[in-house]
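Here, each number is a calculation from the coordinates, and none is a lab measurement. Just so you know, these numbers come straight off a predicted model, no measurement behind them. So basically every Cβ, Gly included, is an ideal-geometry build from the backbone, and we count neighbours across all protein chains shown.
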Amino acid sequence: MLDKYIYKINTLDYDELLNFLKNCNSEFTPKLSERISLDEYAKKILNFATTFEAWDGNEFVATVIAYINDFETKQAFVTLAYCKKQHRRKGIISCLIKMLEAKCKEKDFTSITLNCSVDNEKAISMYEKNNFEIFGNKNKEKIIFKKRLSK
């Protein structure tokens with residue numbers, strides 16, 4: 001069913017991204033808005049990150065957002081991965097991760113890291129299925145995952 005989705009990179013505008021962040025805000029623990037201003041986060045993403053997007057027609061349904069701009073360490077960082085509930089468990093995030101990996105390899109990056117809540121069992125399982133390995137813990141509330149990229 002993945003072929004029903006359209007995959008894009010960096011097509012979101014500010015309003016689309018901000019609305020998406022507002023809509024998914026409460027599904028994060030703690031809420032995104034408790035950690036950062038959603039307005040500032042949207043601006044930061046649009047200025048410095050790459051958005052890997054899945055669309056169902058005109059509806060924006062999922063994203064993996066990563067900073068692929070640390071050319072010293074050659075390490076990308078996923079700041080957000082989210083899929084709307086009705087589109088979950090269809091492999092969309094895994095497809096977006098593959099797009100991220102391809103973009104990282106284009107830029108000769110060697111790894112991707114991300115943080116995941118220790119309580120998010122479905123996300124942990126999905127990252128492990130995509131060959132991310134546990135690299136450490138952050139504040140006992142987050143797991144740090146890392147994936148080394150082959151050339």
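With the structure loaded, tell me whether D108 is in contact (Cβ under 8 Å) with a residue 40 or more places away in the chain and either of a type outside the set (A, V, I, L, M) or surrounded by fewer than 16 Cβ atoms within 10 Å (Cβ to Cβ) (or both) or whether it fails that test.
Here the answer is no, as D108 does not meet what is asked.
I'd like the full set of residues that are part of a loop (DSSP other than H, G, I, E, B), over 19 Å from K22 (Cα atoms) and either out of contact with any helix residue (DSSP H, G or I) (no Cβ under 8 Å at 6 or more places or on another chain) or among the aliphatic types (A, V, I, L, M) (or both), limited to the range 47-77.
Residues satisfying the conditions are G57, I68, D70, F71, E72, T73, K74.
Only one of these is under 21 Å from I143 (Cβ atoms) and in contact with a helix residue (DSSP H, G or I) (Cβ under 8 Å, 6 or more places away or on another chain): S94, S125. Name it.
Result of the check over S94, S125: S94.
When residues of the range 111-151 are filtered for being assigned to a loop (DSSP other than H, G, I, E, B) and surrounded by 15 or more Cβ atoms within 10 Å (Cβ to Cβ), how many remain?
4
Among residues belonging to the range 9-24 that are touching an Asp or Glu at 6+ places or on another chain (Cβ under 7 Å) and surrounded by 15 or more Cβ atoms within 10 Å (Cβ to Cβ), point out the one that is farthest from E53 (Cα to Cα).
That would be L18.
Working only within the range 33-46, note down all residues that are more than 13 Å from L12 (Cβ to Cβ), hydrophobic (A, V, I, L, M, F, W, C) and in a helix (DSSP H, G or I).
L38
What are the pairs, 6+ residues apart or on separate chains, where a residue within the range 83-99 that is surrounded by fewer than 20 Cβ atoms within 10 Å (Cβ to Cβ) has its Cβ under 7 Å from a residue that is of a type in the set (F, W, Y)?
Close Cβ pairs (under 7 Å, with a partner that is of a type in the set (F, W, Y)) amount to C95/Y7; M99/Y7; M99/F52.
Tell me, please, whether a residue that is among the hydroxyl-bearing types (S, T, Y) and in contact (Cβ under 8 Å) with a residue 60 or more places away in the chain can be found in the range 27-36.
There is at least one residue in the range 27-36 that is among the hydroxyl-bearing types (S, T, Y) and in contact (Cβ under 8 Å) with a residue 60 or more places away in the chain.
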